[in-house]
């Protein structure tokens, strides 16, 4: 988003502008309907969500019982709480994000500053890996993880996310490092730095914005991911929150206040990141289309 | 520069934090089972991991009662109750498959007796036969031959049944029937006559809740049996009855006709919501397994007072059975405790503790009748005297793959009621399953 | 060996672990899946006995019975889902971007609102929209149907994602799913277009204004043509997402009565991990891969070649 823009002209309100604002507000309200549903339902008591005549009405008060139920479960109805699953998501997402960003940074550095023969073929082959439907590698993946004793473990899923995160993290860092002037690299080499020295002394210290973009991107993606998690982690006590949530919503229960509270809990971490660091989030988003 | 250093330190801290977090993850690593030694006294101590999808209601209470019986006998064994909720057992089956493939089986697991166990696990060589438990405890004459047959494959018995459920039961609202002057139908001609009368009176004749498609398959197996009788029905699962033949066609046509008498919102309901329609008098009848009785009782109704029960149309004298059973996987970590568990499951004491709570009848014939309610007693009588045939929808009659294919065919059939297409699909499913040629 | 050559080797060694991982986990596994799709593996235990193209024949010909019917429905569903989803995302995304480009007060707030669904999991989206479009039953209306009933608009009630009606091969039940997917991804299109609009120099518009062009004319003749590459990128990225969609539909509706909302991703998952038909699941996933590759490979080649030329 370019900073070089002509100064804002003051625009008077005329029918066209009123029309534009009306449309924008209308769309904003439509976009917020699911948020309304989430918040309103999660603040209701069980009796209130059962009252179908008031399905869309605000709650009668701030009832937090649904959040208690979503967190600790309702044992007498056989419903598990999501607290352990939220922790599992953290155990999964944080290491996988860090490891895959570091790997991506190294790859991006090599591919942008040390173009070796064959790199032009390797890179697109690598990128293809981020577009494939993961169904097409799922059967060998589950077999392999079981064979190396990582089946059904969070460690196994971390490995999976690190591996399939290579293309996107490499891509973002490669494009990011391409902007770093080669002069800086040359200067460091004249000072006697080797490959890793150049990375460590020149590029890594400049990498913060790149890391922020990649970390946000990977964190959001891994937190939100479902297919790998549901195929690899079968035991309820190791499943991340997306899988536990879908199991909760998929069972024939009527506790919609609990489900909606659980949905909010699952959504909050990535939403917070988005609201606080939206700028970097958008950069990752645009990078995902190969050329931003 | 300050901010750069700050970020650098921050990154390092993040990395450290991530490694720490990773390090304190719960490890679910499968530990190697200790080799069972002959000197070890049987089931003296240690652990026992029991895997099931009984997480709530009467099923969970029944399971706990079984645990109590076990703990009284083996007080030093710690029971690990590994349950997986959701999807009428489909979630649990997926967990089990992964654990079995990874060589991490529980000591014993719940499984529908019959082809579900045999085709999935026995043929794959993952189970130990339990014939010796039956012999050691002299159970072979305590269980009906029909049950032993369903449990057997290549001369061995492969699981211990804890209960029997009946699938072909028509439940009806007694008040609605009395108000409209109708009596429970015994065959499909009577059924449609009753249904027309009820429909004219503004009552939904038959409640169906096939949100999870198995309820439609469940209704279909009753229709199959009701139109062709027990011998032809059994032949469907051995390839002796032709899926392209007139009997199956007639069953499908009857099913399509029935769909004209069910509640319009059947695809949105679950089986218990359909039962609720009957309880509320909005619908007159529903065809469901006898766990429906447990549901009616849980909402305060009494058998023979608010609701009545008869065999589904045309199936008097036949009993479609399904059974929950427990098996002994190869490589169980606490094999001796697993055997002790199976011995409890199959004992009279165990079955009489479990079944009154679960709302099913014992698989043994020598149980204490006084523990069971009026419906269950009638089911026990029928079980002892009727022709026993296996349930399709609940894994006794056909392999899981075959059941899945029939469920898929039913998904389409319920939506379009195309008899010819459904018959072709079912004939093909039998071929794919390797039973028909 | 010269210093430069040695360093190139080290560079190659540093990236080698990633190359090996991608070679195994992407290409090796695709090959493995292809092998499974040609095998007789039909049960919990692997069985690599040769089956030829049987598993594919069963998806496309009468030999497969209900599998073939289901897969045919899946392909139609994917086609209509993709077309409508892309159309809605591109049209509304572009509209919102153009509206936001009119020097709007509170632009940041609007942008945040339109884009926040992108930060959510498809599972979260699925759960919420499942609630909104749940038809309920005649005696217990839910979601939008309850709202319509309360507003006295019962005529507009229908069974949403459980409706089995169709127009030709297009199942009406897909509409609620498309709405949910579009809700999540419109913001992406908007962000792409907005970035594109901001990249168009103001001087260009000024010059056109001086030449007497109307505002609408400027968009039609100058700006929209310049946004074409962005439309292509958006179509490719969204298109490949919709061809392999799974989480959203699986959470929101599942396969639906009569497979009205079934997609190949759900078929593959259910047949493989619930039905234990591994070979059939592999065959479905290979077809999904081919569909995605058809879209992605030309795009990758095209955009990377353009990059090299620049």
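Points to keep in mind about this one:
- For the stretch C:255-280, filtering for residues that are part of a helix (DSSP H, G or I), within 7 Å of chain B (Cβ to nearest Cβ) and on the phi < 0 side of the Ramachandran plot leaves 3.
- Restricting attention to the stretch B:119-129, the residues that are within 20 Å of the chain's Cα centre (by Cα), within 11 Å of residue B:158 (Cα to Cα) and in contact (Cβ under 8 Å) with a residue 60 or more places away in the chain add up to 2.
- Residue ID - nearest to the other protein chains (Cβ to nearest Cβ), chosen from residues in the stretch C:34-68 that are outside any loop (DSSP other than H, G, I, E, B) and over 20 Å from residue B:429 (Cβ atoms): C:36
- Failed criterion for residue C:102 (all others in (1) touching a helix residue (DSSP H, G or I) at 6+ places or on another chain (Cβ under 6 Å); (2) assigned to a helix (DSSP H, G or I) hold): (2)
- Among the residues listed as A:94, A:90, A:40, the single one being more than 14 Å from chain B (Cβ to nearest Cβ) and in a helix (DSSP H, G or I): A:40
- Residue B:276 vs. criteria within 14 Å of chain C (Cβ to nearest Cβ) and either without any contact (Cβ under 8 Å) to a residue 40 or more places away in the chain or assigned to a helix (DSSP H, G or I) (or both): yes
Every residue, every condition in (1) surrounded by fewer than 24 Cβ atoms within 10 Å (Cβ to Cβ); (2) in contact with a strand residue (DSSP E or B) (Cβ under 8 Å, 6 or more places away or on another chain); (3) without any contact (Cβ under 8 Å) to a residue 24 or more places away in the chain; (4) assigned by TED's automatic domain parsing to the domain that holds residue B:56, yes or no:
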site: B:299; (1), (2), (3), (4): yes, no, yes, no
site: B:303; (1), (2), (3), (4): yes, yes, no, no
site: B:312; (1), (2), (3), (4): no, yes, no, no
site: B:328; (1), (2), (3), (4): yes, yes, no, yes
site: B:331; (1), (2), (3), (4): yes, no, no, yes
site: B:341; (1), (2), (3), (4): no, yes, no, yes
site: B:347; (1), (2), (3), (4): yes, no, no, yes
site: B:361; (1), (2), (3), (4): no, yes, no, yes
site: B:370; (1), (2), (3), (4): yes, no, yes, yes
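- Residues of the stretch A:181-214 satisfying the condition of being touching a residue at least 60 places away in the same chain (Cβ under 8 Å) and surrounded by 14 or more Cβ atoms within 10 Å (Cβ to Cβ): A:185, A:195, A:198, A:199, A:203, A:204, A:207, A:210, A:211, A:212, A:213, A:214
- Of all residues in the stretch A:50-79 being touching a residue at least 24 places away in the same chain (Cβ under 8 Å) and within 10 Å of another protein chain (Cβ to nearest Cβ), the one that is nearest to the chain's Cα centre (by Cα): A:79
- Residue check, residue B:395 within 14 Å of chain C (Cβ to nearest Cβ), in contact (Cβ under 8 Å) with a residue 12 or more places away in the chain and touching a strand residue (DSSP E or B) at 6+ places or on another chain (Cβ under 9 Å): yes
- Verdict on residue B:195 being touching a helix residue (DSSP H, G or I) at 6+ places or on another chain (Cβ under 8 Å) and more than 20 Å from residue B:296 (Cβ to Cβ): yes
- Condition check for residue B:103: under 30 Å from residue B:433 (Cβ atoms) and either at pLDDT 90 or above or facing chain A (nearest Cβ under 9 Å) (or both): yes
- Residue C:289 vs. criteria touching a helix residue (DSSP H, G or I) at 6+ places or on another chain (Cβ under 6 Å), within 7 Å of another protein chain (Cβ to nearest Cβ), without any contact (Cβ under 8 Å) to a residue 12 or more places away in the chain and more than 18 Å from residue B:405 (Cβ to Cβ): no
- Within the stretch A:225-246, restricting attention to residues that are assigned to a helix (DSSP H, G or I) and either out of contact with any helix residue (DSSP H, G or I) (no Cβ under 9 Å at 6 or more places or on another chain) or more than 10 Å from chain C (Cβ to nearest Cβ) (or both), the residue that is modelled with the highest pLDDT is A:228.
- Residue check, residue B:119 at pLDDT 80 or above and either out of contact with any strand residue (DSSP E or B) (no Cβ under 9 Å at 6 or more places or on another chain) or farther than 18 Å from residue B:346 by Cβ (or both): yes
- Among the residues of this structure, residue A:194 does not count as one that is over 20 Å from the mean Cα position of the chain (by Cα) and more than 30 Å from residue A:122 (Cβ to Cβ).
- Tally of residues being at the interface with chain C (Cβ under 9 Å from one of its Cβ atoms) and surrounded by fewer than 24 Cβ atoms within 10 Å (Cβ to Cβ) across the stretch A:257-269: 1
- Test for residue B:215: is it free of Cβ contacts under 8 Å to residues at least 12 places away in the same chain, part of a helix (DSSP H, G or I) and out of contact with any strand residue (DSSP E or B) (no Cβ under 7 Å at 6 or more places or on another chain): no
- Members of the stretch B:65-92 that are within 14 Å of chain A (Cβ to nearest Cβ) and in contact (Cβ under 8 Å) with a residue 40 or more places away in the chain: B:87, B:88, B:92
- Restricting attention to the stretch C:134-153 and to residues that are modelled with pLDDT of 90 or more and on the phi > 0 side of the Ramachandran plot, the residue that is nearest to the other protein chains (Cβ to nearest Cβ) turns out to be C:143.
- Of the listed requirements (1) free of Cβ contacts under 8 Å to residues at least 12 places away in the same chain; (2) away from every other protein chain (no Cβ under 14 Å); (3) more than 23 Å from residue B:409 (Cβ to Cβ), residue B:202 misses just one: (2).
- Of the residues making up the stretch B:130-141, those that are in a loop (DSSP other than H, G, I, E, B) and over 22 Å from the mean Cα position of the chain (by Cα) number 5.
Here's the yes/no breakdown for (1) touching a strand residue (DSSP E or B) at 6+ places or on another chain (Cβ under 6 Å); (2) buried (at least 23 other Cβ atoms within 10 Å of the Cβ):
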| site | (1), (2) |
| --- | --- |
| B:141 | no, no |
| B:154 | no, no |
| B:160 | yes, yes |
| B:174 | yes, no |
| B:179 | no, no |
| B:188 | no, no |
| B:193 | no, no |
| B:204 | yes, yes |
| B:207 | yes, yes |
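- Residue within the stretch C:109-125 that is outside any helix (DSSP H, G or I) and facing chain A (nearest Cβ under 8 Å) present: yes
- Here the condition is being out of contact with any strand residue (DSSP E or B) (no Cβ under 8 Å at 6 or more places or on another chain), surrounded by 22 or more Cβ atoms within 10 Å (Cβ to Cβ) and either within 9 Å of another protein chain (Cβ to nearest Cβ) or not in a helix (DSSP H, G or I) (or both); of A:152, A:165, it holds for A:152 alone.
The values are calculated or read from the model by the stated rules, or taken from the named source; none is laboratory data. Treat the numbers as computed from the prediction; the structure is a model and nothing was measured. Because the Cβ atoms are built from the backbone with ideal geometry, glycine has one as well, and the counts that use them run over all protein chains shown.
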